[in-house]
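The values are calculated or read from the model by the stated rules, or taken from the named source; none is laboratory data. Just so it is clear, the structure is predicted and the values come from calculations on it, not from any experiment. Every residue, glycine among them, receives a Cβ derived from its backbone with ideal geometry; neighbour counts consider all protein chains shown.
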Amino acid sequence: MRIVAGSRKGHRIAAPKGAHTRPTSDRVRENAFNLIGPVDGAAVLDLYAGSGAMGLEALSRGAETAVFVESDRDACRVINANLDKLRLTATVLCSDAVRVLSTERREYDLVLLDPPYDFVDHDRVARHLPRVLAEDGVLVYETGAKVEPEIEGLRVRTSRKYGSARLTLFEH
């Protein structure tokens, strides 16, 4: 995997070993950021971060801050190693996304949500998302291609399929 654009364009990043994480492909990341638009100065929340590829891409493209949330300790180590390699600064919370969301008081301009495709906690996570998304912010939810997620309190801006993945962008 590599960073697609921005100040770290072309730099390779690592992904956690094993089948527990499914890194977002370069192609899907590139298409996601084409849909999102500029992220200069944005505050980013990357939930179920895995390798951190989406949040790292946002930082490379000019996001000001990023918080990575990942429950797998090995994946947290990979995110920290990727941040070090790219000489980027961010916060990595090795914790459950629902726990972090239930206590989070900040609002984010860009929320990235990429849970496992067999994700069962959608309702527990979704109820917090409108509160942490800034009024003019964008939430990017990556799911399996057949899933069309809904989040009460947010409307779908667009939804696109890329192979076995679907990107759904939400806004207030």
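Taking the condition without any contact (Cβ under 8 Å) to a residue 40 or more places away in the chain, among the hydroxyl-bearing types (Ser, Thr, Tyr) and closer than 19 Å to GLY41 by Cβ, does THR91 pass? For THR91, the condition - without any contact (Cβ under 8 Å) to a residue 40 or more places away in the chain, among the hydroxyl-bearing types (Ser, Thr, Tyr) and closer than 19 Å to GLY41 by Cβ - is met. Of the strands (runs of 3 or more DSSP E) lying entirely inside segment 19-126, not one is found with 3 or more residues being at pLDDT 95 or above, small (Gly, Ala, Ser) and under 15 Å from the mean Cα position of the chain (by Cα). Do we have any residue at all in segment 119-133 that's among the small types (Gly, Ala, Ser) and farther than 19 Å from THR168 by Cβ? Checked segment 119-133: no residue is among the small types (Gly, Ala, Ser) and farther than 19 Å from THR168 by Cβ. Tell me whether segment 133-144 contains one or more residues that are part of a loop (DSSP other than H, G, I, E, B), at pLDDT 95 or above and charged (D, E, K, R). Checked segment 133-144: no residue is part of a loop (DSSP other than H, G, I, E, B), at pLDDT 95 or above and charged (D, E, K, R).
Considering segment 72-121, and only residues there that are among the small types (Gly, Ala, Ser) and under 19 Å from ALA58 (Cα atoms), the residue that is surrounded by the fewest Cβ atoms within 10 Å (Cβ to Cβ) turns out to be ALA81. Counting the residues of segment 42-84 that are of a type outside the set (D, E, K, R), closer than 17 Å to ALA134 by Cβ and touching a residue at least 60 places away in the same chain (Cβ under 8 Å) gives 5. PRO149 passes every criterion in (1) surrounded by 15 or more Cβ atoms within 10 Å (Cβ to Cβ); (2) in a strand (DSSP E or B); (3) out of contact with any Lys or Arg (no Cβ under 8 Å at 6 or more places or on another chain) apart from (2).
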